[in-house]
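K.L.:
Below are the structure tokens for one structure; questions will follow.
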Amino acid sequence: MNGIMLATAYLAAVNPPRTRLGMPESAAGGRGRPGVAVLGAASALMAVAALAGGSGTILAIVEVTPEMFRVAAGIVVAVAAIATLFRPRPAEEPEASGWRAALWPVFFPRLLGAEVVALALATGSTEGAAASVVAAALAFGLVVVLGAVRRGRLGDRLLLNTGRLVTVWLMVVAVYLIVDGIRAV
Amino acid sequence: MKRRLAVHLSLWALGLVVLRVAVIPAEVCPPVDAAGVRRAVSEAADWIVRGLGEDGRFVYGYDLAADEVSTDYNAARHAGVTMSLYQVFEATGDPGYLAAADTGLGYMLDRLVDGEGWTAWTEPGWDVATGANGLFLAGLALRHRATGDPSLDEVMRGVGAFLVGQQEENGAVLAYRSIGTGEPMTGWYDPFATGEAAWALVLLGRALPGEGWVESALPVIDYIANERDAAEGYVTRLPDHWAAYALGDLPVEHLDETRIGLAARLAGYFGMRLRFEAQRTGEGVNLWLRWYPGPPAGVGTAGEGIGALLPLTLTEPALQGLRRNVEERLVCTAGMMVDRQVTGEKASSMPRPHLARGAWFYRGYTQMDDQQHVLSALLAALPVVEAKEGER
């Protein structure tokens, strides 16, 4: 997976436009809560770093080769993409109060979805932890930036449809992972 | 919030279980050492040798449950098993295996037919099969390499001419030549004869350099790389271990982008096959999702195929990235197959221990090519296992 593919794979898995639709809003409404978004994104990035960095050990413990896991990751990503296509708007989640909203629902389940975890383990063991963390940082960074997008009818429609397009790319990523895993030695 | 968290975590747990059971069961590679691999090779080769009759034919197959020896026979498998005994002799230097291989070879030499400029062997009354002659020639060339004996060089040239005569303009290889007309039978192809012919011609070129035999194999290899699967109507690309042998033995000056690409593709097929095999336990839910541990000949062909490509990963820059994985797959294959082989102790409680000891069974049946392919795979794995032991 080259750098562009890796970066876009994480962008597709995190799907910042869609995620923005499920982020906690400021009390005044319309905009996200930057502090919560930053803390949630930083937590998710640490989780990706841990998963990618420990992917070799984790896969060795469960006796799965990185190549075979790539196929599994592709399947997980494909299932996530299909589910997202059918439900483009994230489910409503009750928010924890104060800064804890960064952990629930931002860190989990918004940012650390199954597709992100699968991708972190797959790319960490093949493309390397550093490259995976950089790619994930771009995606999580975009989530923080999109917090500035004002929600509203037009904004939501834009986010929803962009999220759909990103999901289509996620499907491409899934196929890529499966084929790459099958063709790997 | 707790309820939603519980819902999410339950879905994750369910997903993980499904993933683990259905997609990524543990890939189990039993530990193995060089002594174990050598012992398994000898046991398998001894199974073949014990089954060698005075007429030069081998025991074809044995059904353990029915306690029946198969009365079938197959020319290509006879030639293949003979060839594998030469591989064993080359690796071990044990003259007993050379003698057995020569007996198997004698069976074919007794059945030679001559045409215009070519020689080949066939069972009396049968059309001449390309595959059986490809492996016959491969055996002859390995014998030449291992013993230096030139006495059969003319036979080798005759069989080489036969194989070249089976080629079509695009490199396709016809599977048979009519014993009646002496002409190749157009429109008949075989999944393995093409690769067998290619490998045999490469080996012949190695044995008798400067006579153009390697060059005559190149169109066949390129046909396999570019056209064969679609042209001959295969739904998927064939994981052709014979083509892998041809590539592995091809002199380096003939390795171009197309052939290196074929080698990489083949390594991928064999790697996937072997990783999948390592997931099989043949028990419980795994049995329903992965079925029984694969037929030994199937596992063996994947092992020998990937083993044949190993030298390319040492020398070809474009393939060097595959080396670690190729070695891992080979060691894993060796571990699996050493573990699955019927030991002398286990065989002693079976109806006919001499037909069980050293064999690999698939659902109670073993066939000569099960032993042939697996022992070839083990021979390919042996240097890697030895090297890993040396590193410790």
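Please treat every number below as a calculation from the coordinates, not as lab data. Note that this is a predicted model, so its numbers are computed, not measured. Every residue, glycine among them, receives a Cβ derived from its backbone with ideal geometry; neighbour counts consider all protein chains shown.
K.L.:
For a quick size check, give me the Cα extents of chain B along its three principal axes, largest first, whole Å.
P.N.:
Projected onto its principal axes, the Cα set of chain B covers 86, 51, 43 Å.
K.L.:
Given labels modelled 7 Å from the Cα in the Cβ direction, how far is it in nm from A:Trp99 to B:Arg363?
P.N.:
It is 6.3 nm.
K.L.:
In addition: Given H placed 1.01 Å from N in the peptide plane, which residues other than close sequence neighbours of B:Glu68 have an amide H under 5 Å from its amide H?
P.N.:
So B:Glu68 has HN proximity to B:Asp63.
K.L.:
Also, I was wondering about something else. Counting pairs of alpha carbon atoms under 8 Å apart in space and at least six apart in sequence, what relative contact order in percent does chain B give? Walk me through the numbers on the way to the answer.
P.N.:
Details: 653 pairs, mean separation 85.0, N = 392.
Over chain B, the number comes to 22 percent.
K.L.:
Right, next: Counting Lys +1, Arg +1, Asp -1, Glu -1, what net charge surrounds B:Asp190 among other residues with beta carbon under 13 Å of its beta carbon?
P.N.:
On the way: positive: B:Arg177, B:Arg228; negative: B:Asp127, B:Glu196, B:Glu232, B:Asp240.
With Lys, Arg at +1 and Asp, Glu at -1, the net is -2.
K.L.:
Still on this structure, please answer the following. Over what distance in Å are the Cα centres of the stretch A:57-122 and the stretch B:192-245 separated?
P.N.:
The two parts, judged by their Cα centres, are 46 Å apart.
K.L.:
How far, in degrees from 0 to 90, does helix A:153-183 lean away from the longest principal axis of the Cα atoms of chain A, to the nearest 10?
P.N.:
The answer is roughly 10 degrees.
K.L.:
At B:Glu386 and B:Thr258, where each label point lies 7 Å from the Cα along Cα→Cβ, what is the point-to-point distance in nanometres?
P.N.:
In this crude spin-label approximation the distance works out to 3.6 nm.
K.L.:
Same structure, new question: Among B:Ile221, B:Ile260, B:Ile24, determine the one that fluctuates most according to a GNM of chain B built with springs between C-alpha atoms less than 10 Å apart.
P.N.:
Among B:Ile221, B:Ile260, B:Ile24, the largest mean-square fluctuation in the Gaussian network model of chain B belongs to B:Ile24.
K.L.:
Net charge near A:Glu115: determine it from the other residues with C-beta under 15 Å of the C-beta of A:Glu115, scoring Lys and Arg +1 and Asp and Glu -1.
P.N.:
Numbers: positive: A:Arg18, A:Arg70, A:Arg87, A:Arg110; negative: none.
Summing Lys and Arg as +1 and Asp and Glu as -1 gives +4.
K.L.:
Place a point 7 Å from the Cα of A:Leu154 along the Cα-to-Cβ direction; which residues of the stretch A:24-57 have their backbone N under 19 Å from it?
P.N.:
Within reach of a label on A:Leu154, which here means backbone N under 19 Å from a point 7 Å along Cα→Cβ, the stretch A:24-57 contributes A:29-32.
K.L.:
So what is the relative contact order of the stretch B:1-110, in percent, for Cα pairs below 8 Å that sit 6 or more residues apart?
P.N.:
Details: 65 pairs, mean separation 22.3, N = 110.
RCO, the stretch B:1-110: 20 percent.
K.L.:
To continue, here is another question. Does a label point 7 Å from the Cα of B:Asn170, set along Cα-to-beta-carbon, have any residues of the stretch B:223-248 with amide nitrogen under 14 Å, and which are they?
P.N.:
B:223-234
K.L.:
So, one more: Quick check: the angle from helix A:129-146's long axis to the longest principal axis of chain A, C-alpha only, nearest 10 degrees?
P.N.:
20
K.L.:
Once the stretch A:1-110 is represented by equal point scatterers at the alpha-carbon sites, with solvent omitted, what log10 I(q)/I(0) does the Debye formula produce at q = 0.17, 0.18 Å⁻¹?
P.N.:
Taking Cα atoms of the stretch A:1-110 as identical point scatterers yields -0.97, -1.05.
K.L.:
Provide the FRET efficiency to the nearest 0.05 for the A:Ala27-A:Ala50 pair, computing r from the beta carbons and using R0 = 56 Å. List each step's numbers first, then the result.
P.N.:
On the way: r = 33 Å, r/R0 = 0.59.
It comes out at approximately 0.95.
K.L.:
Let me ask something else about it. Evaluate E = 1/(1 + (r/R0)^6) for B:Ser70 and B:Glu345, where r is the Cβ-Cβ distance and R0 equals 25 Å; express this FRET efficiency to the nearest 0.05. Walk me through the intermediate numbers first.
P.N.:
On the way: r = 25 Å, r/R0 = 1.01.
Efficiency at R0 = 25 Å is approximately 0.50.
K.L.:
Provide the three semi-axes, in whole Å and in decreasing order, of the ellipsoid equivalent to the protein assembly as shown as defined by the square roots of 5 times the Cα gyration tensor eigenvalues. Don't skip to the end; give the middle numbers.
P.N.:
Numbers: eigenvalues 632, 131, 74 Å².
Gyration-tensor ellipsoid for the protein assembly as shown: 56, 26, 19 Å.
K.L.:
Rule-of-thumb check for the stretch A:3-184: C-alpha Rg over 2.2 N^0.38 Å? Please report the intermediate quantities before stating the final value.
P.N.:
On the way: Rg = 15.9 Å, N = 182, 2.2 N^0.38 = 15.9 Å.
Output field value: 1.00.
K.L.:
Could you work out the equivalent-ellipsoid semi-axes for the stretch B:249-353, taking the square root of 5 times each eigenvalue of the Cα gyration tensor, largest first, in whole Å? Write out the running numbers ahead of the final one.
P.N.:
Values: eigenvalues 210, 52, 22 Å².
After diagonalising the Cα gyration tensor, the semi-axes are 32, 16, 11 Å.
K.L.:
Which three extents, in angstrom, do the Cα atoms of the stretch A:1-43 have along their principal axes, listed largest first?
P.N.:
Cα spread of the stretch A:1-43 along its principal axes, largest to smallest: 42, 19, 11 Å.
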